[in-house]
Amino acid sequence: MPDVTEIFETLEYGPAPESPSRVTKWLEAHDSRFGLYVGGEWREPRGGEHFAAANPATGRDIARIAQANAADVDAAVAAARDAFAHWSARSGHERARYLYAIARGIQKHARFFSVLESLDNGKPIRESRDIDIPLVARHFYHHGGWAQLAGTELGGQVPVGVVGQIIPWNFPLLMLAWKIAPAIAMGNTVVLKPAEYTSLTALRFAELCDEIGLPAGVVNIVTGDGRTGALLVEHEDVDKIAFTGSTEVGRKIREATAGSGKKLSLELGGKSPFVVYEDADLDSVVEGVVDAIWFNQGQVCCAGSRILVQEGVADRLVEKLKARMETLRIGDPLDKAVDIGAIVAPVQLERIRSLVEEGEKEGATPWQPSWSCPEEGWFYPPTLLTDVEPASTVARVEIFGPVVALMTFRTPDESVELANDTRYGLAASLWTENINLALDIAPRVQAGTVWINCTNMFDAASGFGGYRESGYGREGGLEGLWEYVKPAWTAGAPALSDEPAAASGDEDPAGDGAGGDNGGPPPIDRTAKMYVGGKQARPDATYSLHVAGADGRRIGEVGRGNRKDLRNAVEAAHGAAGKWANATAHNRAQVLFYLAENLSARADEFADRIQAMAGVTASEAADEVERSIRRLFAYAAWADKWDGRVHHTPFRNVTLAMPEPLGVMGVVCPTAPSLLGFVSTVIPPVCMGNAVVAVPSQAWPLAATDFYQVLDTSDVPGGVINIVTGLRDELAPVLAAHDDVAGMWYFGPADGGAEVERLSTGNMKRTWTNDGKARDWTDDAQGEGEEFLREATHVKNIWVPYGA
Ligand code: NAI
């Protein structure tokens, strides 16, 4: 007679299939063939083209999906534009009721959506039923709430307009919810393109929109492959693009939208570290790894695909992992007792296979459980790679499958280095029983989400999004709403015109004394130096620019900065950035107050300079100085008040949403007003803990070069503010293309801004331009405040166990 333990260990699983019959009936009712959902109606694709959608668990086709062409995308955008007028005019409360109705509808049809999702995508029903679909409903509830509150919580903001949204295939309906819920809550209308492998739940969602009476055109669904996505991206009447998918396509989208004025949010790839310290509870860690890399077959942008384990416990962890992998069950996604389903498409399966092969060639040792995968369908077994070098392909490239690479480290410092040794920065998960260690490491990891003793947790109340090449913008939480609104004043802002002419260059070496236009002997040296690393710096090439006064006469010279000067400045900024970011907010506030004080002490001198350059009256010049002092005070005030939030995510956690500096930022200042423009654009990033390389007004740079004397006397650490004078069109592209610059602001004409956006794709740096529009820098609503602080920071969400 076997004892109880033996019985448990030898028990066989019986099949526990979820019935697909309702979904099958629905497919039959549609003749397994679908059109496009445009303006509240179903229509055939204009090009008459359809493609097949398959069930990854069988490889058999289950539906024909329409390929939308340019005419279809035009029609969908036009329908969204028509709907925008009345949808954006509705009260927040009215919109909230529609979102609430959608959430209820999702819940009522939860089982149907789960089965359809699993059939179309191959994910286990356990996941679609318990994670994807409940989170979809939660997202619409949560954002219904934000629609209700938008009037009070997001004052002075208006909807962006028509939003084009492109989503991937790994969480089809969930990604739809992440995109559509905040967009329509804020009063935008939407054209959404699902991924070509997984369109079905989006099409059923369109039916739900009809069922709950959502006004026609608020949500439009156009299906198709990347060509349809590209048409949406390029469409002139789209005001914003929100994209989730590969970094490669994200890059193309940034290039395609450069200079178009379209707002852009990108949620891209990842290679997230899963860090195990030697005091971690290894049994919890093992379950964590299951959730990190075998959830959704590892087809998760924030999958913990790099296990970094402290040396002392590495062998024990590997042993435990192998034992657990042996017990994982792979098979029919509709079987409720299955852990791992099918890979979405043959091309993805092939990609996984070839990357693992490449890993082996580079020296990695793969380990897979002894059981085999189903013969039918597209399956790949859970795979553990050991003997992995940090520089190898499998440690760097997003595999997007159930494959995890394990590496070891010795000290916590080394764990941070390894964790950050990636071009991505989407998520990280930290495992230790030592809260001091966890909370010491969390701020040091470059990632948009940090999970402490948990992983792959998502909630509508918490923002999600990347650092570095994982993209920018957040989805979820208050952070995510900013992607779907814009300041009301921008609607009527005129184009930037009548800028003062740039300082003029010549081929004379600087300081040759060739001036003398004023008559009399030339001053000894009138060339203002640059300011790099807290010191005055001579330009690399000794070419200078003549700064003309209002009367056309030469009033000074500045160096004509070049690539080398910028490189030095970026290096100096890097040297200062870490320490400045870690300075206390109080400390930064003190420095900014002191700057204001010292500027105030020299107010007359600055006013004279402004008057000479801009030809304004004495009182106008004094007014500009006074406003600059006020603005310094404002950011000194903000420095210790731009707090994060604590999100009440509905698990045994709280989520700390912490605004963090981007790092080194390039700032191309407005041409005019010279001092106020410089202060308004350089100080907010500095206030938030960034180090800045500033290109001051190219017409009137002397206010900025005078300013470094104020910096010198105000305890601003060397390297926090660097000033490189010269011609905007020569300098901005170099900064935009520089891979060690994390963010870039540009306040010049439209074509310059377009160039900055185009060149930003090397490291996917975040850019902020004025789209060629004029900003009234004297108006506090336009020239100061939270918008600037938001653009100088990104939010890291740290999930901390709480009340567990
Ligand atoms: P993808 O980035 O090509 O596809 C995502 C979406 O973008 C789909 O809807 C697709 O139709 C659309 N798209 C493709 N080309 C486009 C273009 N030029 N303009 C506009 N839209 C376009 O991802 P794919 O090819 O399905 O997967 C390839 C790899 O990308 C995966 O192996 C994985 O590494 C990564 N990936 C990452 C995701 C994430 O959530 N971060 C999601 C999907 C894929």
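Of these, Trp777, Trp768, which one is part of a strand (DSSP E or B), of a type in the set (Phe, Trp, Tyr) and modelled with pLDDT of 95 or more?
Going through Trp777, Trp768 in turn, the sole match is Trp768.
Please determine whether any residue of segment 367-380 is within 16 Å of the ligand (Cβ to nearest atom) and modelled with pLDDT of 95 or more.
yes
From Thr244, Thr223, Thr228, which residue is under 24 Å from Pro172 (Cβ atoms), touching a Cys at 6+ places or on another chain (Cβ under 8 Å), modelled with pLDDT of 95 or more and near the ligand (Cβ under 10 Å from one of its atoms)?
Unique residue meeting the criteria: Thr244.
Looking at segment 406-433 only, could you name the residues that are more than 12 Å from Phe274 (Cβ to Cβ) and surrounded by fewer than 20 Cβ atoms within 10 Å (Cβ to Cβ)?
Correct list: Arg410, Thr411, Pro412, Asp413, Glu414, Glu417, Asn420, Asp421, Arg423, Glu433.
Among the listed residues Glu278, Glu326, identify the single one that is open to solvent by 20 Å² or more (accessible area, probe 1.4 Å) and either without any contact (Cβ under 8 Å) to a residue 24 or more places away in the chain or assigned to a helix (DSSP H, G or I) (or both).
The conditions single out Glu326.
Kindly indicate the residue of segment 231-241 that is open to solvent by 50 Å² or more (accessible area, probe 1.4 Å) and away from the ligand (no atom under 14 Å from the Cβ) and also farthest from Asp82 (Cα to Cα) among those meeting that condition.
The first filter runs over segment 231-241 and keeps only residues open to solvent by 50 Å² or more (accessible area, probe 1.4 Å), leaving 231, 234, 236-237.
Next, only the ones that are away from the ligand (no atom under 14 Å from the Cβ) stay: 236-237.
Working: Glu236: 15, Asp237: 11 Å.
Only one residue tops the list, namely Glu236.
Only one residue in Pro134, Pro168 is surrounded by fewer than 23 Cβ atoms within 10 Å (Cβ to Cβ) and more than 12 Å from the ligand (Cβ to nearest atom), so which one is that?
Only one candidate qualifies: Pro134.
Can you tell me which of (1) in contact with a Ser or Thr (Cβ under 7 Å, 6 or more places away or on another chain); (2) over 27 Å from Tyr467 (Cα atoms) is the one Ala781 doesn't meet?
It fails just one condition, (1).
Scan segment 632-642 for residues that are surrounded by 16 or more Cβ atoms within 10 Å (Cβ to Cβ) and among the hydrophobic types (A, V, I, L, M, F, W, C) and jot them down.
Applying the first criterion (surrounded by 16 or more Cβ atoms within 10 Å (Cβ to Cβ)) to segment 632-642 yields 632-636, 638-639, 642.
Across segment 632-642, the qualifying residues are Leu632, Phe633, Ala634, Ala636, Trp638, Ala639, Trp642.
Would you please name the residue that is farthest from Ala583 (Cα to Cα), looking only at residues in segment 702-717 that are surrounded by 24 or more Cβ atoms within 10 Å (Cβ to Cβ) and of a type in the set (Gly, Ala, Ser)?
Among residues in segment 702-717 that are surrounded by 24 or more Cβ atoms within 10 Å (Cβ to Cβ) and of a type in the set (Gly, Ala, Ser), the one farthest from Ala583 (Cα to Cα) is Ala703.
Identify, from the list Leu149, Leu119, the residue that is surrounded by 24 or more Cβ atoms within 10 Å (Cβ to Cβ) and assigned to a helix (DSSP H, G or I).
Leu119
How many residues does segment 749-772 hold that are of a type in the set (Lys, Arg) and surrounded by 19 or more Cβ atoms within 10 Å (Cβ to Cβ)?
Result for segment 749-772: 2.
Every residue, every condition in (1) aliphatic (A, V, I, L, M); (2) modelled with pLDDT of 90 or more, yes or no:
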{"residue": "Thr490", "(1), (2)": "no, yes"}
{"residue": "Gly505", "(1), (2)": "no, no"}
{"residue": "Pro509", "(1), (2)": "no, no"}
{"residue": "Ala514", "(1), (2)": "yes, no"}
{"residue": "Thr527", "(1), (2)": "no, no"}
{"residue": "Ala537", "(1), (2)": "yes, yes"}
{"residue": "Thr542", "(1), (2)": "no, no"}
{"residue": "His546", "(1), (2)": "no, yes"}
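Does Ser619 qualify as being of a type in the set (Ser, Thr, Tyr) and under 26 Å from Thr793 (Cβ atoms)?
It is false that Ser619 is of a type in the set (Ser, Thr, Tyr) and under 26 Å from Thr793 (Cβ atoms).
Just name the residue that is most open to solvent (accessible area, probe 1.4 Å) out of those in segment 1-29 that are under 27 Å from Val115 (Cβ atoms) and of a type in the set (Val, Ile, Thr). Before the answer, list the steps.
To start, the set of residues in segment 1-29 that are under 27 Å from Val115 (Cβ atoms) comprises 11-29.
Still in the list and also of a type in the set (Val, Ile, Thr): 23-24.
On the way: Val23: 2, Thr24: 58 Å².
Among residues in segment 1-29 that are under 27 Å from Val115 (Cβ atoms) and of a type in the set (Val, Ile, Thr), the one most open to solvent (accessible area, probe 1.4 Å) is Thr24.
Do the conditions hold for Ala195, that is, is it of a type outside the set (Phe, Trp, Tyr), more than 8 Å from the ligand (Cβ to nearest atom) and either farther than 30 Å from Ala57 by Cβ or out of contact with any helix residue (DSSP H, G or I) (no Cβ under 6 Å at 6 or more places or on another chain) (or both)?
Working: of a type outside the set (Phe, Trp, Tyr): yes; more than 8 Å from the ligand (Cβ to nearest atom): no; either farther than 30 Å from Ala57 by Cβ or out of contact with any helix residue (DSSP H, G or I) (no Cβ under 6 Å at 6 or more places or on another chain) (or both): yes.
Judged against the criteria, Ala195 is not a match.
Name the one entry in Ile307, Ile343, Ile352 that is without any contact (Cβ under 8 Å) to a residue 60 or more places away in the chain and either part of a loop (DSSP other than H, G, I, E, B) or under 33 Å from the mean Cα position of the chain (by Cα) (or both).
Details: Ile307 fails: without any contact (Cβ under 8 Å) to a residue 60 or more places away in the chain; Ile343 fails: without any contact (Cβ under 8 Å) to a residue 60 or more places away in the chain.
The unique qualifying residue is Ile352.
Would you confirm whether any residue within segment 718-741 is assigned to a loop (DSSP other than H, G, I, E, B), crowded, with 24+ Cβ neighbours inside 10 Å and within 22 Å of the chain's Cα centre (by Cα)?
Quick first cut of segment 718-741, residues assigned to a loop (DSSP other than H, G, I, E, B) only: 718-720, 724-727, 738-741.
Applying the additional criterion that residues be crowded, with 24+ Cβ neighbours inside 10 Å yields 719-720, 724-726, 741.
Of the ones still in play, those that are also within 22 Å of the chain's Cα centre (by Cα) are 741.
Scanning segment 718-741 turns up at least one residue that is assigned to a loop (DSSP other than H, G, I, E, B), crowded, with 24+ Cβ neighbours inside 10 Å and within 22 Å of the chain's Cα centre (by Cα).
Taking strands (runs of 3 or more DSSP E) that do not extend beyond segment 394-469, which have at least 2 residues that are at pLDDT 95 or above, within 16 Å of the ligand (Cβ to nearest atom) and closer than 30 Å to Ile253 by Cβ?
Those strands (runs of 3 or more DSSP E) span 403-409, 427-431.
Give Glu311, Glu255 a once-over and let me know the one that is surrounded by fewer than 22 Cβ atoms within 10 Å (Cβ to Cβ) and within 14 Å of the ligand (Cβ to nearest atom).
Being surrounded by fewer than 22 Cβ atoms within 10 Å (Cβ to Cβ) and within 14 Å of the ligand (Cβ to nearest atom) holds for just one of Glu311, Glu255, which is Glu255.
Would you check if Val313 is part of a helix (DSSP H, G or I) and at negative phi?
Spelling it out, Val313 is indeed part of a helix (DSSP H, G or I) and at negative phi.
Is there any pair with a first residue in segment 390-413 that is within 13 Å of Ala314 (Cα to Cα) and a second that is within 16 Å of the ligand (Cβ to nearest atom) whose Cβ atoms are under 7 Å apart and which are 6 or more apart or on different chains, and what are they?
If the second residue must be within 16 Å of the ligand (Cβ to nearest atom), the pairs left are Ala405/Ser305; Ala405/Arg306; Ala405/Val394; Ala405/Ala395; Met407/Arg306; Met407/Ala395.
What is the one condition in (1) of a type outside the set (A, V, I, L, M); (2) more than 30 Å from Asn434 (Cβ to Cβ); (3) surrounded by 22 or more Cβ atoms within 10 Å (Cβ to Cβ); (4) within 16 Å of the ligand (Cβ to nearest atom) that Cys209 does not satisfy?
Tallying (1) of a type outside the set (A, V, I, L, M); (2) more than 30 Å from Asn434 (Cβ to Cβ); (3) surrounded by 22 or more Cβ atoms within 10 Å (Cβ to Cβ); (4) within 16 Å of the ligand (Cβ to nearest atom), Cys209 fails exactly one: (4).
For segment 597-631: of the residues being over 19 Å from Gly549 (Cβ atoms) and aliphatic (A, V, I, L, M), which is least open to solvent (accessible area, probe 1.4 Å)?
By that ranking, first place goes to Leu599.
The values are calculated or read from the model by the stated rules, or taken from the named source; none is laboratory data. Just so it is clear, the model here is predicted, and its values are computed rather than measured. A quick note on method: Cβ atoms are made from the backbone with ideal geometry, for glycine too, and the neighbour counts reach across all protein chains shown. Note: areas computed on protein heavy atoms with side chains; ligands, DNA, RNA excluded. Shrake-Rupley method; radii C 1.70, N 1.55, O 1.52, S 1.80 Å.
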